[in-house]
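Participant: Sharing a structure here in structure tokens format.
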Amino acid sequence: MRTYVLTTVGVSLLGQIRNKFEISDGKLPDERQVVAFLRKHKPEDRECGAEINSLAALLSGTQLSTGTPEAPAAVQLLVSDTDEGEWVGQVLCQYLPKWQGPKIEDVQMARVSQLNGEDYKSFANQGLKSLVTQAIECLKSAETKWPEAKRVINATGGYKAQISFAGLIGQVMDVPVVYLFEHFAQCIELQPLPVAFDRGLWLENYWLFNALAEKGEMVEWRRVCNYQVDKRIADLLIRVEIDGKEYVELSPILELLHQGFKSTPPEEMEQPPDSGINPADKLKIAPDHHRPNGAKTRFQQLAELPWVKRVETIELANTPISRPKSGGNTAVNEILVIHSDGSKGVEIRLITTCSTDAERNWCLEELKTVMV
């Protein structure tokens, strides 16, 4: 497989077919008859709809920043959570393997949960979040199955809101995103937005992303406030009331950041050398009877990390969460972490074997799960 195209799918093709054959809005046309009708036209003809037109243009010489997509291709269709969306997907699944365009060897379809126009809150919060998780899962799966294939997101079909999210997904996953404007013969690659996503912010708040996205925990808004979650994260959380209590969920954009950072390690990351020091000899802990509960166990856990040379305490910290501190003006071989028992904490300095930022990035990635 040389190209993998993740394609968002709308229902404009259904509207065109209904108008063409004067079919009432409540009825879905026979799929086989529609496929036979489409085969009478060239893929670039308007009668074939936005999805087919854009795939034909994309696979016929569109120049992208990553090169030119070539056949044979695999196509993954993401359809809306509606009977109409699934109907369009089924038609495309039957049509594309034997169409008149460049060879497509594999076509799959997935229905995106709650991506429909029935309820705007459900669409904005859950539907777009489902789009994010499903798109990223598909891209990761394709990279594993066809590691040599060029991956592309085709955002021509579907709801307009999908275009902006497709652009962000592509930016986070480092995959080009294309759109075919009406009357254009070639797809246009959408340019990345001039924003930078802060991986350090994600690392320091990993406990929250992990609780909501991975563990499925119910996290109260009060806990977010008490834990002094960074305002840039807190302002993007969705607040929902259940049985008189206010809880939080990840918004689609936070889900995107979490899934993206989880799927793509830092560009510069290299495993640091082992220190060769016995874990017990790494502990340089000053006596203090006011430390948080579990501090001794945490010190020992950190000393077990092979790239740690020394574990030393700095000062007590008024914080209810344990986390690595990605910022701060520290040397490349120093990393600060905080251990907390839920009410009070202690700041810990790790002296490591790191000599480069790439090695330090490795340690921070490992610490995000160690400190949860």
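The values are calculated or read from the model by the stated rules, or taken from the named source; none is laboratory data. Note that the structure is a prediction, hence the values are computed from the model and not measured. Cβ sites come from the backbone with ideal geometry, for glycine too, and all protein chains shown count toward neighbours.
Participant: Any idea which residue in the stretch 304-350 is farthest from PHE209 (Cα to Cα), counting only those that are in a strand (DSSP E or B) and of a type in the set (S, T, N, Q)?
Facilitator: Kept after step one, since they are in a strand (DSSP E or B), are these residues of the stretch 304-350: 308-317, 323-325, 334-340, 345-350.
Retained after the next criterion (residues that are of a type in the set (S, T, N, Q)): 313, 340.
Numbers: THR313: 27, SER340: 18 Å.
Here the residue is THR313.
Participant: Then there's this: Of (1) under 22 Å from VAL229 (Cα atoms); (2) among the aliphatic types (A, V, I, L, M); (3) buried (at least 20 other Cβ atoms within 10 Å of the Cβ), LEU350 satisfies all except one. Which?
Facilitator: Single failed check for LEU350: (1).
Results for (1) of a type in the set (D, E, K, R); (2) closer than 28 Å to VAL224 by Cα; (3) under 33 Å from the mean Cα position of the chain (by Cα); (4) not assigned by TED's automatic domain parsing to the domain that holds ASP230, shown as yes or no for each residue.
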| site | (1), (2), (3), (4) |
| --- | --- |
| LEU283 | no, no, no, yes |
| LYS296 | yes, yes, no, yes |
| LEU305 | no, no, yes, yes |
| LEU336 | no, yes, yes, yes |
| SER340 | no, yes, yes, yes |
| ASP357 | yes, no, yes, yes |
| ASN361 | no, yes, yes, yes |
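Participant: Sticking with this structure for a sec: When you look at LEU208, is it closer than 21 Å to GLY342 by Cα, buried (at least 19 other Cβ atoms within 10 Å of the Cβ), among the aliphatic types (A, V, I, L, M) and not assigned by TED's automatic domain parsing to the domain that holds LEU128, yes or no?
Facilitator: Here the answer is yes, as LEU208 does meet what is asked.
Participant: Of these, VAL132, VAL175, which one is buried (at least 19 other Cβ atoms within 10 Å of the Cβ) and either under 24 Å from ALA56 (Cβ atoms) or of a type in the set (D, E, K, R) (or both)? Let's see the steps before the verdict.
Facilitator: Values: VAL132 fails: either under 24 Å from ALA56 (Cβ atoms) or of a type in the set (D, E, K, R) (or both).
Result of the check over VAL132, VAL175: VAL175.
Participant: Right, another one. Is there any pair linking a residue in the stretch 216-239 that is crowded, with 16+ Cβ neighbours inside 10 Å to one that is among the small types (Gly, Ala, Ser) and at pLDDT 90 or above, with Cβ under 6 Å and at least six apart or on different chains, and which?
Facilitator: From residues that are crowded, with 16+ Cβ neighbours inside 10 Å, the pairs are VAL219/ALA211; VAL224/ALA234; ILE238/SER251.
Participant: If we scan the stretch 21-38, do we find a residue that is assigned to a helix (DSSP H, G or I), in contact with a Leu (Cβ under 6 Å, 6 or more places away or on another chain), touching a residue at least 24 places away in the same chain (Cβ under 8 Å) and assigned by TED's automatic domain parsing to the domain that holds ILE163?
Facilitator: Step one: filter the stretch 21-38 for residues assigned to a helix (DSSP H, G or I), giving 21, 31-38.
Right, trim to in contact with a Leu (Cβ under 6 Å, 6 or more places away or on another chain) and you get none.
No: zero hits.
Participant: How many residues, within the stretch 146-167, are farther than 20 Å from VAL11 by Cα and either in contact (Cβ under 8 Å) with a residue 60 or more places away in the chain or among the hydrophobic types (A, V, I, L, M, F, W, C) (or both)?
Facilitator: Going through the stretch 146-167, the residues farther than 20 Å from VAL11 by Cα turn out to be 146-152, 167.
Then drop every residue that is not either in contact (Cβ under 8 Å) with a residue 60 or more places away in the chain or among the hydrophobic types (A, V, I, L, M, F, W, C) (or both), which leaves 146, 148-152.
Final tally of qualifying residues: 6.
Participant: Considering (1) at pLDDT below 95; (2) among the hydrophobic types (A, V, I, L, M, F, W, C); (3) surrounded by 15 or more Cβ atoms within 10 Å (Cβ to Cβ); (4) in contact with a Ser or Thr (Cβ under 8 Å, 6 or more places away or on another chain), say which one LEU367 fails and leave the rest.
Facilitator: Against the list (1) at pLDDT below 95; (2) among the hydrophobic types (A, V, I, L, M, F, W, C); (3) surrounded by 15 or more Cβ atoms within 10 Å (Cβ to Cβ); (4) in contact with a Ser or Thr (Cβ under 8 Å, 6 or more places away or on another chain), LEU367 comes up short only on (4).
Participant: Hey, can you tell me all the residues within the stretch 199-243 that are small (Gly, Ala, Ser) and at positive phi? Lay out the reasoning, then the answer.
Facilitator: Of the stretch 199-243, the ones small (Gly, Ala, Ser) are 200, 211, 213, 216, 234.
GLY216, the sole residue that qualifies.
Participant: Out of all the residues in the stretch 189-205, which are loosely packed, with under 14 Cβ neighbours inside 10 Å and either in contact with a strand residue (DSSP E or B) (Cβ under 6 Å, 6 or more places away or on another chain) or more than 23 Å from LEU367 (Cβ to Cβ) (or both)?
Facilitator: GLN191, LEU193, PRO194, VAL195
Participant: Which residue pairs have Cβ atoms under 8 Å apart, sit 6 or more places apart or on different chains, and have a first residue in the stretch 40-67 that is over 14 Å from VAL88 (Cβ atoms) and surrounded by 13 or more Cβ atoms within 10 Å (Cβ to Cβ) and a second that is modelled with pLDDT under 95 and of a type in the set (Asp, Glu)?
Facilitator: HIS41/GLU47; ALA56/GLU44; ALA57/GLU44; LEU59/GLU70; THR62/GLU189; LEU64/GLU189
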